[in-house]
Structure formats: C-alpha cells, structure tokens
Amino acid sequence: MASIYHGFSTDDHPQHQFCPPGPDSWCFYKRSIGEHLYPSGHKVRVHTPLNYNLLHQHLEPIYNWLTSIDLLRRCELKTTQNPNESFHHSVWSRCSKKNFHSLRRVQFALVSAAAEHNSGPAAISAIKKALGIQEGYHGHRLCQQRAKKRLYLSSQEQQKKAKKRKKMRAAAQEKARLEKEAEEGGPAYQAGMF
Ligand SMILES: [Zn+2]
C-alpha cells in the first residue's frame, strides 16, 4: 500500500501514511520529518508519480487484494514463486515488458499465456478454432513441439523431485538407525555383521 500511496503523493496532497517513519526511511517525506526538515519536492523525488484521480479506482482494488490476509495465507507455503515466474515468462515472451504495446496486444498476451499455462499449448489451438482462425501447418507443428518440450521438462522436474525425496528418506532412515544404536549402546544387529 505504501508503494502506491507514496506514488499518489504531491506537495499539495502528501499521502505517506503507509510509508515507514524515521530518519532511515526509504521515503524522502518521512525521512525529512524524521530529520525535522520541511518535506517537499514531490515532483522530483517521487520516482513513479501516479495520477490519483485517474488511477486510484483501478489500482486500489488490486492492492487491496494483494495485501489481503486471504491471499497471503495462500502464499504461506512459499510454493508460488516458480509457477508465478513461469507464467510471467510466458506473458513477457508474447509482449516484451521493455516496449510499449497496445491494450489489445497485452490482453491477448495475458489470455493466451493463461490458457497455455493452465491447459498446455493445445489451448492455443482451441482459442484459434473458437475465433474461426484456421491453423496452418507450421502453427500446428510449433504447438506440438511446445507440448512435447513441456512434457519433457515436467518429467525431468518430477525425476529431480523424486531423487530428492529418495535422498531425504534415506537420510532420515540412517539418522533413525544411528539414534537407535546410540540408545541401545552399540551397533544393532544387521545381516552379515557376525
Ligand atoms: Zn512516502
């Protein structure tokens, strides 16, 4: 919330209520107050100025959702970063974030990336079909290649995870064996030991 309200702030209407206080604050306004100086200069010092009248009705609901306890609870397991990054990669590969794109292009990039992320490359063919766009030979082939690559990467990932699980299980068994040995005051009986 600090990040948008800091951006909405102007000299006439500072809105730094969410910014951290004190002389060490990243917020120049709160820092000035912490140092007992008169805070001003929003025009130069707010690096991402946001027009409150134009944007707050659109941005505020998103920020409310992003900071809601409900959503944060769902992120507690910390397993959301990789899927999120993978999804973002699909979006930015369709429309680079370094260049300006039309709203239509951004919307199409988001929708097609979400479809592919959730249902695989075949979803793109389904979208084209629904829109009445004939899929050419190369488009079809590309789709199949992407599906194949996706399956391969997924199986590699699964193998890696299975190996890690196996290693952890073996380490836990070894630890339990050593603890049991220590409890019994010597090495336990094992086949071939005597
Ligand atoms: Zn601030």
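Observations, loosely collected:
- When CYS95 is tested against (1) open to solvent by 70 Å² or more (accessible area, probe 1.4 Å); (2) among the hydrophobic types (A, V, I, L, M, F, W, C); (3) within 25 Å of GLU85 (Cβ to Cβ), just one condition goes unmet, and that condition is (1).
- Selection count, region 150-167, where residues are open to solvent by less than 90 Å² (accessible area, probe 1.4 Å) and either in contact with a helix residue (DSSP H, G or I) (Cβ under 9 Å, 6 or more places away or on another chain) or farther than 30 Å from SER112 by Cα (or both): 1
- For THR67, the criteria (1) free of Cβ contacts under 8 Å to residues at least 12 places away in the same chain; (2) open to solvent by 50 Å² or more (accessible area, probe 1.4 Å); (3) of a type in the set (S, T, N, Q) hold in every case but one, which is (1).
- Taken together, the residues in region 118-149 that are open to solvent by less than 80 Å² (accessible area, probe 1.4 Å) and assigned to a loop (DSSP other than H, G, I, E, B) amount to 5.
- Residue within region 168-191 that is of a type in the set (S, T, N, Q), assigned to a helix (DSSP H, G or I) and open to solvent by 100 Å² or more (accessible area, probe 1.4 Å) present: yes
- Breaking point among (1) without any contact (Cβ under 8 Å) to a residue 12 or more places away in the chain; (2) closer than 20 Å to HIS16 by Cβ; (3) of a type outside the set (Asp, Glu), for PRO49: (1)
- Some residue of region 26-33 being open to solvent by 90 Å² or more (accessible area, probe 1.4 Å) and farther than 30 Å from GLN15 by Cβ: no
- Listing of helices (runs of 4 or more DSSP H) fully contained in region 1-117 that carry 2 or more residues being within 15 Å of the ligand (Cβ to nearest atom) and of a type in the set (D, E, K, R): 28-34, 42-45
The values are calculated or read from the model by the stated rules, or taken from the named source; none is laboratory data. As the structure is a prediction and not an experimental result, all values here were calculated from the model. Neighbour counts are summed over all protein chains in view; Cβ atoms, including those assigned to glycine, are modelled from backbone coordinates with ideal geometry. In case anyone asks, the SASA skips ligands and DNA or RNA and just uses the protein heavy atoms, side chains included. Shrake-Rupley method; radii C 1.70, N 1.55, O 1.52, S 1.80 Å.
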